Amino acid sequence: MEDKLTDFSKIFHLVELLSKHIFTPTDITVDFRFQEAPAAARAKMLEGPHPDWAQVTPDTVWGAPQSYFWFAGSVQIPEALEGQRICLGIEAMFGRVMGRSDPQCLVRVNGEIVQGLIITIAKSC
């Protein structure tokens, strides 16, 4: 397990270095909220976020084996970036928290699936 974490650290470092040359950071923020709910609640969760959903912060710890957590948020893209490719960076600290080692998600934009992810750090463009 220790070797695997070391390998991930090397990959994270490489991604960080490359990102500085590939991506142009902006001050755009996304107000993410999350809620645990069973898969059967999918239709209701896709209406989210709801006011009672928890706020996602850099210190948020979530997840449990065989569970579903739904995330939603909204972002306003500035006119200056119109027509440009926009990437959203998501960092999930999986592998560093016991029992949270198999992250999977679908990224939706305006309700449409645009990306499927099964990795610990994801950039969805």
Quiz prompt | residue 44-residue 29 pseudo-label distance in nm [points 7 Å out on the Cα-to-Cβ vector] | solution = 3.0
Exercise. Give, as a single signed number, the net charge of other residues whose beta carbon lies under 15 Å from the beta carbon of residue 55, with Lys and Arg counted +1 and Asp and Glu -1.
Key: -3
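We did not get these values from a lab; they are worked out from the coordinates using the rules stated. These figures come from a predicted structure and were not determined experimentally. So basically every Cβ, Gly included, is an ideal-geometry build from the backbone, and we count neighbours across all protein chains shown.
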